[in-house]
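Novice: Here you go, one structure.
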Amino acid sequence: MPVKIDQLIRSQRKTVSLIIQRDGLLIVRAPLKMPEKTIREIVAKKEAWILKHQAAMKAAPAPGTKPYHPGNSLPLLGKTVPLTIVPGRQTTLTWVNDERLELTEAGLPHAAILIERWYRSRAKEYFTTRVTELAAQFQLTPSAIRITSARTRWGSCSGKNSLAFTWRLVMAPLAVVDYVILHELAHIEIKNHSAKFWAKVKSMLPNYTQRRQWLKEHGRELDL
Ligand SMILES: [Zn+2]
């Protein structure tokens, strides 16, 4: 009996890719005009790999409340990035076309560390760009931008106006990320959390309280 394709997604792509979801469903992505027979032949050739992974997914512990599950998708700056497990003996996580991730089978046991490294790169990229934009808009000049791994300290501003942000923030919605950036930028002018400081934040971002509240409620979920 041939392997069952649970979902076939056609798009403007040149190759066929197989995705085993966390629930064991097989999702096949294929070029728009590729005949179904050809797709079935490709899938049939990968049968051993598919069955092995479907079994592994079933054996894996049920996903918790964490936003990350291999074979599923990862939150990134308000979007979700599909994570595909692909055959391969090298431990690699590839960021394909800035839109999806491919993790090799060999990389599965190291998924968390590889994904963290990827998140760090995304964080460095995004914070560098966004801080520069917002700093220019509010005429505040940070001396440097650093990325940390902090779990609850979302951002900080040193005495010398060097800003730091945890990579975990790129898992949060963009609006929340902007709040943290503006909060730290406001510290360039006011180094404490006085009423004057919060008035400054409010002048930069009138509805900041909702975003701050989101972090209090969901901050713990920003983890692998
Ligand atoms: Zn602060």
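Novice: Can you name every residue in the range 16-42 that is modelled with pLDDT of 90 or more and either among the hydroxyl-bearing types (Ser, Thr, Tyr) or not in a loop (DSSP other than H, G, I, E, B) (or both)?
Specialist: Val28, Arg29, Ala30, Pro31, Glu36, Lys37, Thr38, Ile39, Arg40, Glu41, Ile42
Novice: Here is a follow-up. Checking the structure you have, find out if any residue of the range 136-152 is away from the ligand (no atom under 16 Å from the Cβ), hydrophobic (A, V, I, L, M, F, W, C) and within 23 Å of Ile85 (Cα to Cα).
Specialist: no
Novice: Give me the pairs: first residue in the range 151-162 and within 13 Å of Thr141 (Cβ to Cβ), second residue within 13 Å of the ligand (Cβ to nearest atom) and at pLDDT below 95, beta-carbon distance under 9 Å, and six or more apart or on different chains, which are they?
Specialist: Short answer, once both residue conditions are applied: none.
Novice: Just one of the numbered conditions (1) at pLDDT below 95; (2) within 15 Å of the chain's Cα centre (by Cα); (3) surrounded by fewer than 17 Cβ atoms within 10 Å (Cβ to Cβ) is not true of Ser121; which one?
Specialist: (1)
Novice: Which is among the β-branched types (Val, Ile, Thr) and assigned to a loop (DSSP other than H, G, I, E, B), of Thr152, Thr132?
Specialist: Thr152
Novice: State whether one or more residues within the range 184-197 are of a type outside the set (Gly, Ala, Ser) and closer than 24 Å to Glu116 by Cβ.
Specialist: yes
Novice: Under 7 Å between Cβ atoms, which residue pairs at least 6 apart in sequence (or on different chains) link something in the range 88-100 that is part of a loop (DSSP other than H, G, I, E, B) with a partner that is charged (D, E, K, R)?
Specialist: Close Cβ pairs satisfying both conditions: Gly88/Glu105.
Novice: Quick check: anything in the range 185-205 more than 14 Å from the ligand (Cβ to nearest atom) and free of Cβ contacts under 8 Å to residues at least 24 places away in the same chain?
Specialist: yes
Novice: Separate question: Mind checking which residues of the range 174-189 are farther than 14 Å from Ile147 by Cα and crowded, with 16+ Cβ neighbours inside 10 Å?
Specialist: Listed by number, the residues that qualify are Val176, Asp178, Tyr179, Leu182, His183, Leu185, Ala186, His187, Ile188.
Novice: Another one. Here are some conditions: (1) at pLDDT below 95; (2) more than 30 Å from Ile50 (Cα to Cα); (3) not basic (Lys, Arg). Leu108 meets all but one. Which one does it not meet?
Specialist: It fails just one condition, (2).
The values are calculated or read from the model by the stated rules, or taken from the named source; none is laboratory data. No experiment lies behind these values; they were computed from the predicted model shown. Virtual Cβ from ideal backbone geometry, glycine too; neighbours counted across all protein chains shown.
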